[in-house]
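Participant: There's a structure below that I have some questions on.
The values are calculated or read from the model by the stated rules, or taken from the named source; none is laboratory data. What you see is a predicted model, and the numbers here were worked out from it, not measured in a lab. No Cβ is skipped: glycine too gets one built from the backbone with ideal geometry, and neighbour counts run over all protein chains shown.
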Amino acid sequence: MKEPRGTRMTLATDAGDMPCYTVSPETPGDTPPPALVLLQEIFGTNLHIRELADQWADAGFRVIVPDLFWRIEPGVELGYDGDDLERARAIYARLDWDLAAEDVMTCVAALRAEGHDRVGLLGFCFGGKLATICATRPGLDAAVGYYGVGIEKLGIAGKVACPLMLHFGAEDKGTPPEAIAELRRQLPEGTPVFAYEGAGHGFNNWRKAAYDAPSAQRAFARSLTFLRKILIDGDGR
């Protein structure tokens with residue numbers, strides 16, 4: 001992967017300035033591109049998350065990545081093992097989910113203020129769970145979540161307010177088959193929920209041993225088709 005090409009910025013909130021990473025398509029069109037708010041794993045807005053943002057910008061999207069830990073410890077960028085893993089878990093344990101959801105919607109509002117008529121969410125790990133939580137709030141056009149743990153315990157039946165797509169590794173111990181079955185019961189009929197055979201938690205992260213390229217490629221293709229259909233074509237509601 002090439003070095004991330006985006007820039008740092010801040011967005012004003014009632015509690016202060018929220019740091020973000022932002023990146024846009026390299027070839028601007030005549031109209032504002034579709035927009036995404038990309039939600040991090042528990043390891044912060046690290047290199048991989050910025051690479052993901054660039055990947056989606058290269059696919060034609062304007063992307064903002066909020067630092068969702070900024071209220072606790074801004075600027076967190078961690079690795080995946082040892083002390084970094086323990087630190088990530090400790091910070092995550094202090095997260096206020098309602099405030100995090102407010103921060104996400106601040107990004108959505110900022111993108112709409114830029115002129116983007118349609119805005120979606122794309123979240124990974126804890127960001128996948130947060131994307132699903134935000135999908136129960138008004139103001140979004142679409143949401144995609146990867147391997148969020150515990151979504152089936154949120155009580156979201158009848159509350160999802162926008163088109164939603166979810167991806168899981170079939171071997172993810174945090175979301176066993178019975179949890180996925182429960183999710184499918186709770187979600188609106190026709191909601192795409194995919195479980196990838198042979199893949200575990202974090203299968204999309206090419207900087208981790210858990211990376212499973214075939215599953216990641218299928219999930220990306222499905223997500224891209226889903227988001228383009230809704231955010232560009234306006235189809236899906």
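Participant: For LEU140, state whether it is touching an Asp or Glu at 6+ places or on another chain (Cβ under 9 Å) and either at pLDDT below 95 or outside any strand (DSSP E or B) (or both).
Facilitator: Details: touching an Asp or Glu at 6+ places or on another chain (Cβ under 9 Å): no; either at pLDDT below 95 or outside any strand (DSSP E or B) (or both): yes.
The answer is no for LEU140.
Participant: Please work out which one of (1) among the aromatic types (Phe, Trp, Tyr); (2) out of contact with any strand residue (DSSP E or B) (no Cβ under 9 Å at 6 or more places or on another chain); (3) crowded, with 18+ Cβ neighbours inside 10 Å is the condition TRP97 fails and give its number.
Facilitator: Against the list (1) among the aromatic types (Phe, Trp, Tyr); (2) out of contact with any strand residue (DSSP E or B) (no Cβ under 9 Å at 6 or more places or on another chain); (3) crowded, with 18+ Cβ neighbours inside 10 Å, TRP97 comes up short only on (3).
Participant: Go through region 86-96 and report how many residues are assigned to a helix (DSSP H, G or I), out of contact with any Leu (no Cβ under 7 Å at 6 or more places or on another chain) and touching a residue at least 24 places away in the same chain (Cβ under 8 Å).
Facilitator: Step one: list which residues in region 86-96 are assigned to a helix (DSSP H, G or I), which gives 86-93.
Then drop every residue that is not out of contact with any Leu (no Cβ under 7 Å at 6 or more places or on another chain), which leaves 86, 89-93.
Okay, now just the ones that are also touching a residue at least 24 places away in the same chain (Cβ under 8 Å), so 89, 91-92.
Looking only at that region, the number is 3.
Participant: Shifting gears a bit: Considering region 23-43 alone, what residues qualify as being of a type outside the set (A, V, I, L, M, F, W, C) and buried (at least 22 other Cβ atoms within 10 Å of the Cβ)? Reasoning before the result, please.
Facilitator: Restricting attention to region 23-43, the residues satisfying the condition of being of a type outside the set (A, V, I, L, M, F, W, C) are 24-34, 40-41.
Across region 23-43, the qualifying residues are PRO34, GLN40, GLU41.
Participant: Let me ask something else. Taking ARG71, is it crowded, with 17+ Cβ neighbours inside 10 Å, of a type outside the set (A, V, I, L, M, F, W, C) and assigned to a loop (DSSP other than H, G, I, E, B)? It would help to see each step written out before you state the result.
Facilitator: Details: crowded, with 17+ Cβ neighbours inside 10 Å: yes; of a type outside the set (A, V, I, L, M, F, W, C): yes; assigned to a loop (DSSP other than H, G, I, E, B): yes.
Here the answer is yes, as ARG71 does meet what is asked.
Participant: Would you mind telling me which numbered condition in (1) in contact with a strand residue (DSSP E or B) (Cβ under 9 Å, 6 or more places away or on another chain); (2) modelled with pLDDT of 95 or more; (3) surrounded by fewer than 21 Cβ atoms within 10 Å (Cβ to Cβ); (4) farther than 27 Å from ASP58 by Cβ ALA181 fails?
Facilitator: ALA181 satisfies all of (1) in contact with a strand residue (DSSP E or B) (Cβ under 9 Å, 6 or more places away or on another chain); (2) modelled with pLDDT of 95 or more; (3) surrounded by fewer than 21 Cβ atoms within 10 Å (Cβ to Cβ); (4) farther than 27 Å from ASP58 by Cβ except (1).
Participant: Restricting attention to region 184-237, which residues are in a helix (DSSP H, G or I), in contact with a Gly (Cβ under 9 Å, 6 or more places away or on another chain), small (Gly, Ala, Ser) and within 14 Å of MET165 (Cβ to Cβ)?
Facilitator: Correct list: empty.
Participant: Can you confirm whether ILE64 is in contact with a Leu (Cβ under 8 Å, 6 or more places away or on another chain), modelled with pLDDT under 95 and either surrounded by fewer than 17 Cβ atoms within 10 Å (Cβ to Cβ) or not in a helix (DSSP H, G or I) (or both)?
Facilitator: Values: in contact with a Leu (Cβ under 8 Å, 6 or more places away or on another chain): yes; modelled with pLDDT under 95: no; either surrounded by fewer than 17 Cβ atoms within 10 Å (Cβ to Cβ) or not in a helix (DSSP H, G or I) (or both): yes.
Answer is no for this residue.
Participant: Is there any pair linking a residue in region 29-55 that is among the basic types (Lys, Arg) to one that is part of a loop (DSSP other than H, G, I, E, B), with Cβ under 8 Å and at least six apart or on different chains, and which?
Facilitator: Final answer for the pair search is ARG50/PRO4; ARG50/GLY6.
Participant: Could I ask something else about it? Would you be able to tell me the number of residues in region 114-137 that are in contact (Cβ under 8 Å) with a residue 40 or more places away in the chain, under 16 Å from ALA101 (Cα atoms) and either β-branched (Val, Ile, Thr) or not in a strand (DSSP E or B) (or both)? Break it down stepwise before answering.
Facilitator: Keep residues of region 114-137 that are in contact (Cβ under 8 Å) with a residue 40 or more places away in the chain, which gives 114-128, 130-131.
Add one more test, that the residue is under 16 Å from ALA101 (Cα atoms), and what stays is 119-128, 130-131.
Now restrict to residues that are either β-branched (Val, Ile, Thr) or not in a strand (DSSP E or B) (or both): 119, 125-128, 130-131.
Count: 7.
Participant: Just to verify a result, which residue in region 1-43, among those that are charged (D, E, K, R) and in a loop (DSSP other than H, G, I, E, B), is farthest from the chain's Cα centre (by Cα)? Break it down stepwise before answering.
Facilitator: Our first condition is that a residue be charged (D, E, K, R); within region 1-43, this holds for 2-3, 5, 8, 14, 17, 26, 30, 41.
From what is left, the residues that are in a loop (DSSP other than H, G, I, E, B) are 2-3, 5, 14, 26, 30, 41.
Working: LYS2: 21, GLU3: 21, ARG5: 19, ASP14: 23, GLU26: 21, ASP30: 27, GLU41: 8 Å.
So, considering only residues that are charged (D, E, K, R) and in a loop (DSSP other than H, G, I, E, B), the one farthest from the chain's Cα centre (by Cα) is ASP30.
Participant: If you go through region 103-127, how many residues are farther than 19 Å from PRO32 by Cα and of a type in the set (D, E, K, R)?
Facilitator: 1
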